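The values are calculated or read from the model by the stated rules, or taken from the named source; none is laboratory data. Quantities reported herein were computed from a predicted structural model and do not represent experimental measurements. Neighbour counts run over all protein chains shown; Cβ positions are idealised from the backbone, glycine included. Surface accessibility is based on the protein's heavy atoms, side chains included, excluding ligands, DNA and RNA. Shrake-Rupley method; radii C 1.70, N 1.55, O 1.52, S 1.80 Å.
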Amino acid sequence: MEKYYLTTAIDYVNGAPHIGHAYEKILSDIITRHYTQRCDDVYMLTGTDEHGIKIQKTAASKGITPKELCDENSQKFKDAWKALDINYSQFIRTTDEEHEKVVQHIFEKLLEKGDIYKNSYEGLYCTGCECFLNPKDLTEDGLCPDHMKKPEVVKEENYFFKLTKYKDAIIKHIKDHPDFILPEFRANEVLNQLEDIQDISVSRAKSNVQWGIDVLSDPEQSIYVWIDALSNYITALGYDTENASEKFKKYWPCDVHVIGKDILKFHSIYWPAFLMALDLPLPKHIFAHGWITIDESKMSKSLGNVISPTSVLETFNLEYPDAFRYYMASSAPCGRDGNYSDNDFKEKVNAHLANSMGNLLNRTLSMLVKYFDGEVKPEFKAENPLAKKALGTIQIVKNHFDNFEISEAVLAINSLVDMTNKYVQDNAPWTLAKEEKMTECGQVLVNVLDIMCIISALIYPYCPNIAANMAKQLSFDLKTKLDDLTADNIKCGKLIEKEDIKPVFLRVDSELADKSAKKQ
Ligand code: MSP
């Protein structure tokens with residue numbers, strides 16, 4: 001694998017980030033970190049989507065300019081991703097000058113090509129979706145099914161993109177590439193939507209939508225959000241219609257667009273059509289994740305149950321975001337909806353990270369110190385009965401990642417942790433020590449520590465800080481590529497001093513969490 005280019009959806013800045021936005025960025029960061037363990041050149045793009053009527057209206061309601069609102073909220077997204085250790089390579093804002101300029105060029109190119117034409121139009125516009133809705137998709141009461149709001153009747157002259165021209169080519173692409181849309185069950189939904197696809201509006205009258213990029217040849221119109229937003233994936237790389245930068249040549253086509261299921265249509269129908277119109281290759285995969293609910297309810301401002309990712313870190317007094325990342329990443333099977341609840345969070349991270357994984361390392365290192373003064377003797381390196389399972393788990397985890405099965409990969413890692421715990425119980429090194437079978441005792445401990453190195457590498461994308469703490473105590477190089485990992489990782493000689501043994505994850509304190517819940 002020569003390079004890996006991953007993009008996330010770019011978030012609307014009409015509000016602050018919540019844990020639904022965070023879920024996507026965490027999954028994306030985990031995928032990116034996993035591929036850094038397999039490839040030297042990995043690039044992750046994220047950012048904010050800053051134009052459109054929604055932002056214009058929110059800014060007006062606050063008495064500030066749209067740009068002020070964008071600056072303020074875009075920073076909140078950056079801050080949140082920093083707190084969650086989201087290690088992106090680039091953060092694009094659709095108000096970046098370079099992006100705006102290239103979007104204008106893209107629009108003009110499609111206009112010249114005849115793929116964009118002007119027409120007068122009457123339709124039902126949902127500001128929440130930032131798109132026109134098909135009347136047959138509304139609820140019985142005539143509401144947008146996603147936002148439960150009545151769409152506005154809009155009658156104006158708009159530019160239209162000839163989506164219908166690309167319909168057959170897109171259907172063929174989806175059918176010929178079963179892994180284009182993942183998970184696979186979503187592809188059928190897209191094929192159904194393609195059946196009655198129409199040409200789409202790609203501009204709005206400037207008189208109605210001021211906060212948008214001007215159409216270069218017709219400044220009375222502003223470019224409508226999706227052509228603007230989707231183009232970020234190529235403008236960020238320095239693409240322009242007349243020349244493709246070195247960076248663009250290197251990273252495009254994209255390996256995966258990570259998005260939520262609600263915006264799959266835009267990514268698997270509109271975007272491929274725009275790319276075909278620009279004569280550019282299509283992305284390799286579009287991975288649509290599910291939605292996160294809070295205590296099984298949809299997150300919404302009106303229900304007052306919106307949770308910010310940083311508030312979870314504060315509530316539980318977490319030094320690192322690892323536990324939250326771990327919990328979110330394992331909250332739902334691939335592509336399905338997941339749920340966040342404080343209690344479940346506490347239970348899961350305490351059980352998995354503190355009790356199973358953390359304790360296993362702590363106990364084993366403590367025994368090495370107690371019985372051998374922290375030293376690994378050459379005779380402790382023996383055939384490791386856990387090696388086959390551990391090396392097999394690396395392959396299983398890689399396969400899961402290739403299908404974006406992030407929570408399924410966690411299950412595989414946990415099963416390796418459980419098996420290693422069972423090996424300790426079954427072989428009882430404390431009994432071996434009592435019976436003065438010191439070589440056997442040392443072998444059991446070193447077998448476990450060798451596997452703990454593999455576990456630290458596998459858990460790294462989810463819990464980078466915990467993994468670093470583990471690796472430090474094991475003198476293991478976390479930069480080792482997954483394909484270079486063996487089951488022989490622990491070096492002979494002094495491994496650790498008693499005072500250097502530290503728990504890698506402290507149990508989440510339930511009293512602390514309860515107190516802070518009462519405060520609210
Ligand atoms: N701006 C568009 C995306 C343009 S991409 C070229 C948009 N923004 S959004 O802020 O509404 O959503 C950003 C991402 O967050 C989307 O992928 C969306 O699916 C995801 N989520 C928003 N709420 C979510 C949950 N409650 N749960 C999981 N993901 C959710 O759409």
So, in segment 298-357, of the ones that are among the basic types (Lys, Arg) and either within 15 Å of residue 413 (Cβ to Cβ) or not in a helix (DSSP H, G or I) (or both), which residue ends up least open to solvent (accessible area, probe 1.4 Å)?
325
Members of segment 220-240 that are within 8 Å of the ligand (Cβ to nearest atom) and either farther than 22 Å from residue 265 by Cβ or aromatic (Phe, Trp, Tyr) (or both)
226, 233
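Every residue, every condition in (1) part of a helix (DSSP H, G or I); (2) open to solvent by 50 Å² or more (accessible area, probe 1.4 Å); (3) under 19 Å from residue 485 (Cα atoms), yes or no:
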| position | (1), (2), (3) |
| --- | --- |
| 368 | yes, no, no |
| 404 | no, no, no |
| 407 | yes, no, no |
| 418 | yes, yes, no |
| 453 | yes, no, yes |
| 461 | no, no, yes |
Can you name the condition, by its number, that residue 18 falls short on among (1) in contact (Cβ under 8 Å) with a residue 60 or more places away in the chain; (2) open to solvent by less than 40 Å² (accessible area, probe 1.4 Å); (3) not hydrophobic (A, V, I, L, M, F, W, C)?
(2)
Identify, from the list 263, 259, the residue that is within 11 Å of the ligand (Cβ to nearest atom), of a type in the set (Val, Ile, Thr) and open to solvent by 10 Å² or more (accessible area, probe 1.4 Å).
263
Looking at 393, 431 in this structure, which one is among the polar types (S, T, N, Q) and surrounded by fewer than 17 Cβ atoms within 10 Å (Cβ to Cβ)?
431
All-but-one check, residue 97 against (1) more than 24 Å from residue 463 (Cβ to Cβ); (2) in contact with a strand residue (DSSP E or B) (Cβ under 9 Å, 6 or more places away or on another chain), failing number (2)
All positions within segment 463-490 that are in contact with a helix residue (DSSP H, G or I) (Cβ under 6 Å, 6 or more places away or on another chain), open to solvent by 20 Å² or more (accessible area, probe 1.4 Å) and in a helix (DSSP H, G or I):
465
Residue in segment 332-344 that is within 16 Å of the ligand (Cβ to nearest atom) and hydrophobic (A, V, I, L, M, F, W, C) present
yes
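Conditions tested, residue by residue: (1) polar (S, T, N, Q); (2) buried (at least 21 other Cβ atoms within 10 Å of the Cβ); (3) touching a Ser or Thr at 6+ places or on another chain (Cβ under 8 Å).
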| position | (1), (2), (3) |
| --- | --- |
| 179 | no, no, no |
| 189 | no, no, no |
| 210 | yes, no, yes |
| 213 | no, yes, yes |
The one condition residue 157 fails out of (1) open to solvent by less than 40 Å² (accessible area, probe 1.4 Å); (2) farther than 30 Å from residue 408 by Cβ is (1)
Take residue 458 and tell me if it is modelled with pLDDT under 95 and either under 28 Å from residue 398 (Cβ atoms) or within 29 Å of the chain's Cα centre (by Cα) (or both).
no
Taking the condition of being touching a residue at least 24 places away in the same chain (Cβ under 8 Å) and farther than 18 Å from residue 106 by Cα, how many residues in segment 220-279 meet it?
15
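For every residue, the table says whether it meets (1) within 28 Å of the chain's Cα centre (by Cα); (2) surrounded by fewer than 16 Cβ atoms within 10 Å (Cβ to Cβ).
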{"site": "104", "(1), (2)": "no, no"}
{"site": "107", "(1), (2)": "no, no"}
{"site": "110", "(1), (2)": "no, no"}
{"site": "119", "(1), (2)": "no, yes"}
{"site": "126", "(1), (2)": "yes, no"}
{"site": "132", "(1), (2)": "yes, no"}
{"site": "138", "(1), (2)": "no, no"}
{"site": "148", "(1), (2)": "yes, yes"}
